[in-house]
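The values are calculated or read from the model by the stated rules, or taken from the named source; none is laboratory data. Since we're looking at a predicted model, the values are computed, not measured. Ideal geometry is used to build each Cβ from the backbone, glycine not excepted, and the neighbour counts take in all protein chains shown.
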Amino acid sequence: MSHGPPPSGAATTTPLPPDTPGPHSSRLGLVAVIATFGGLLFGYDTGVINGALEPLQRDLSLTPFRIGVIAAILLLGAAVGAAVGGRLSDALGRRRMILMLAGIFFVGTMGCVLSPNYEVLAFFRFVLGLAVGGASVTVPVYLAEISPYERRGSLVTRNEFMIVFGQFLAFAINAILYNIWGGSDVVWRYMLLVAVLPAFVLFFGMLRMPESPRWLVHKRRDQDALDVLRQVRSPERAEAELDEVHALAEEEEKAHMGGWKDLAVPWIRRLLVIGIGLAIVQQLTGINSIMYYGTQVLEEGGFSSNAAITLNILNGVASVSGITVAILVMNRINRRPMLLFGYFGIATAHLLIGLSSLFLAPGLFRASMILLFIIMFVVIMQGTAGPLVWLMLAEIFPLEMRGFAIGISVLILWITNFFVGLFFPSLVAGIGISYTFFLFAVIGALSFLFIWTMVPETRGRTLEQLEEHFREKFGEAGSRRPETAGAK
């Protein structure tokens, strides 16, 4: 799963002195490590429920639907957190917002750990979701705004990696705790409690981290912005880069100028439909069914509870491996072929999971084949559709409507994620594992057709070229957005 909206930021438009190595490089590295604990918490809190559900179900006597609510209500909170998080970080500052999120992570975690019943647990899972959603829009932007343009991509990608690593960490810790105290109905509380530690690191670490220089410039605090740049740049680079920060801040303002009026232009409506479509098909792969319910799927496949929660670690390894491969190759391969390959592989893996479950005799071989094809699915998904959808959302929208369009697309993504998480346990209980994955396979095939017929190639094309492509394709060579009509 790729879990946070892509940060804004244009390439530099003026020559800058090289950012030579020095003490500032270590300072910038420390900033990135501390800030990405927000991504780690994001990953841990979404992944920890995976192994916690079985003892939690025993402890609180939950129905399949209530299990779905406990897993998915965090995603509903994340949708709200993502919707308001950007505006709050604009008002409060990126650093202060991350400090506040660390506090919400702590309160939400302790509320879940101490919950006496289903209703209280559901409420505090929603609170945790607010922090997850807020982190998904604040941490990448903070990293993008404090990084030099030469390192922006690699530093922001660390947050994606930390999200996936957080999920892997949750699977591993769940397995350790379950194999030690699996007989205890309250072991799920210890699993959730672990998240307090990175919340502390995030809070106390961010107390010593600087504010985003771009946010400071936006607030007309140029001297403060220069002081920050001197901490994370070479001395000669800091002075020169202040002008670039001014230019980037102006572009950021333009990126939030668009609104509903832009949808009067058909090709812009088409782009928004594509953005929303990409968000939906990414979540309808069912990747989060594995991230949230992988242990239960493996138990349904035939493994014992202890074996399932231990083998579920392999899903975390597959996830980390997939996104590592994606990071290495995504700048060398066109987006569209990579997406098409991904959805073909995803649909094939789903079909093989369903066939293995339906036709193989119960036993170790059947369970092992289901596990093998789940790992295949996770690697392909996290190596293609997971990160690529976020990247393409950053690339397809014109600057003037980018903030508006990405905001709508991300909101739809979280809502889709919520419904998949909510109904997956009931679906498996109602029609079984085989037909559930057959359904995912059909959705994967339809997603392939959507990408084949609707999604343009974005690699190596400027926004202007993409705009011209859509105008020509839909017979609107003379059309303009309402506010730019007649201007050329």
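Considering the conditions (1) in a helix (DSSP H, G or I); (2) modelled with pLDDT under 90; (3) buried (at least 24 other Cβ atoms within 10 Å of the Cβ); (4) not small (G, A, S), H3 is excluded by exactly one of them, (1). Taken over segment 179-209, the criterion of being among the aromatic types (F, W, Y), under 27 Å from the mean Cα position of the chain (by Cα) and within 27 Å of T295 (Cβ to Cβ) is satisfied by W188, Y190. Checked against (1) in a helix (DSSP H, G or I); (2) β-branched (V, I, T); (3) in contact with a helix residue (DSSP H, G or I) (Cβ under 7 Å, 6 or more places away or on another chain), V273 passes all but a single condition, namely (3). Counting the residues of segment 19-42 that are at pLDDT below 90, under 18 Å from the mean Cα position of the chain (by Cα) and in a loop (DSSP other than H, G, I, E, B) gives 0. Going by what's in this entry, would A326 be described as outside the structural domain of N174 (by TED's automatic domain parsing) and under 23 Å from R459 (Cβ atoms)? For A326, the condition - outside the structural domain of N174 (by TED's automatic domain parsing) and under 23 Å from R459 (Cβ atoms) - is met. Among the residues of segment 117-139, none qualifies, meaning not one is over 21 Å from L411 (Cα atoms), touching a residue at least 60 places away in the same chain (Cβ under 8 Å) and not in a helix (DSSP H, G or I).
Looking only at residues of segment 329-372 that are assigned to a helix (DSSP H, G or I) and among the polar types (S, T, N, Q), we find that the one that is farthest from L311 (Cα to Cα) is T348. For T324, the requirement of being modelled with pLDDT under 95 and assigned to a helix (DSSP H, G or I) is met.
Count of segment 393-420 residues, restricted to those that are in contact with a Gly (Cβ under 8 Å, 6 or more places away or on another chain) and over 22 Å from G43 (Cα atoms), is 10.
Counting only helices (runs of 4 or more DSSP H) wholly contained in segment 373-488, the ones carrying 3 or more residues that are modelled with pLDDT of 90 or more and surrounded by fewer than 16 Cβ atoms within 10 Å (Cβ to Cβ) occupy 402-454. Just to be sure before I move on: is R189 in a helix (DSSP H, G or I), at pLDDT 90 or above, in the same structural domain as M100 (by TED's automatic domain parsing) and charged (D, E, K, R) in the structure I sent? Considered against the rule, which asks whether it is in a helix (DSSP H, G or I), at pLDDT 90 or above, in the same structural domain as M100 (by TED's automatic domain parsing) and charged (D, E, K, R), R189 comes out as yes.
Would you call F161 closer than 30 Å to A326 by Cα, modelled with pLDDT of 80 or more and either in the same structural domain as A32 (by TED's automatic domain parsing) or touching a helix residue (DSSP H, G or I) at 6+ places or on another chain (Cβ under 7 Å) (or both)? It is true that F161 is closer than 30 Å to A326 by Cα, modelled with pLDDT of 80 or more and either in the same structural domain as A32 (by TED's automatic domain parsing) or touching a helix residue (DSSP H, G or I) at 6+ places or on another chain (Cβ under 7 Å) (or both). Consider segment 181-207 and keep the residues that are farther than 29 Å from I327 by Cα and out of contact with any helix residue (DSSP H, G or I) (no Cβ under 8 Å at 6 or more places or on another chain). The one that is surrounded by the fewest Cβ atoms within 10 Å (Cβ to Cβ) is G183. Does A82 qualify as being closer than 23 Å to G421 by Cβ and surrounded by 17 or more Cβ atoms within 10 Å (Cβ to Cβ)? Yes; evaluated as a whole, the condition is true for this residue.
With respect to the conditions (1) in a helix (DSSP H, G or I); (2) crowded, with 18+ Cβ neighbours inside 10 Å, P148 lacks only one, and its number is (1). Look at segment 372-385: where a residue is within 16 Å of Q283 (Cβ to Cβ) and a partner is at pLDDT 95 or above and among the polar types (S, T, N, Q), sitting 6+ places away or on another chain with Cβ atoms under 9 Å, you get F377/T348; I380/T348; A385/S447. All of S368, S289, S357 fail the test of being at pLDDT 90 or above and closer than 25 Å to L422 by Cβ, apart from S357. Filtering segment 308-338 down to residues that are hydroxyl-bearing (S, T, Y) and in contact with a helix residue (DSSP H, G or I) (Cβ under 7 Å, 6 or more places away or on another chain), which residue is surrounded by the most Cβ atoms within 10 Å (Cβ to Cβ)? Among them, the one singled out is S319.
In the set L75, L16, L101, L53, only one residue is in a loop (DSSP other than H, G, I, E, B) and not charged (D, E, K, R); that residue is L16. Residue count for segment 335-376 under the criterion of being under 21 Å from V389 (Cα atoms) and among the small types (G, A, S): the result is 4. Being closer than 13 Å to P148 by Cα and in a loop (DSSP other than H, G, I, E, B) is the filter; apply it to segment 192-242 and report the residue that is modelled with the lowest pLDDT. Result: S234. Being modelled with pLDDT of 90 or more, closer than 22 Å to M291 by Cα and either within 18 Å of the chain's Cα centre (by Cα) or not assigned by TED's automatic domain parsing to the domain that holds F203 (or both), is that true of even one residue in segment 99-113? Yes, some residue in segment 99-113 is modelled with pLDDT of 90 or more, closer than 22 Å to M291 by Cα and either within 18 Å of the chain's Cα centre (by Cα) or not assigned by TED's automatic domain parsing to the domain that holds F203 (or both). Please verify whether F341 is without any contact (Cβ under 8 Å) to a residue 60 or more places away in the chain, surrounded by fewer than 20 Cβ atoms within 10 Å (Cβ to Cβ), over 23 Å from I313 (Cα atoms) and within 22 Å of the chain's Cα centre (by Cα), treating the condition exactly as stated. Answer is yes for this residue.
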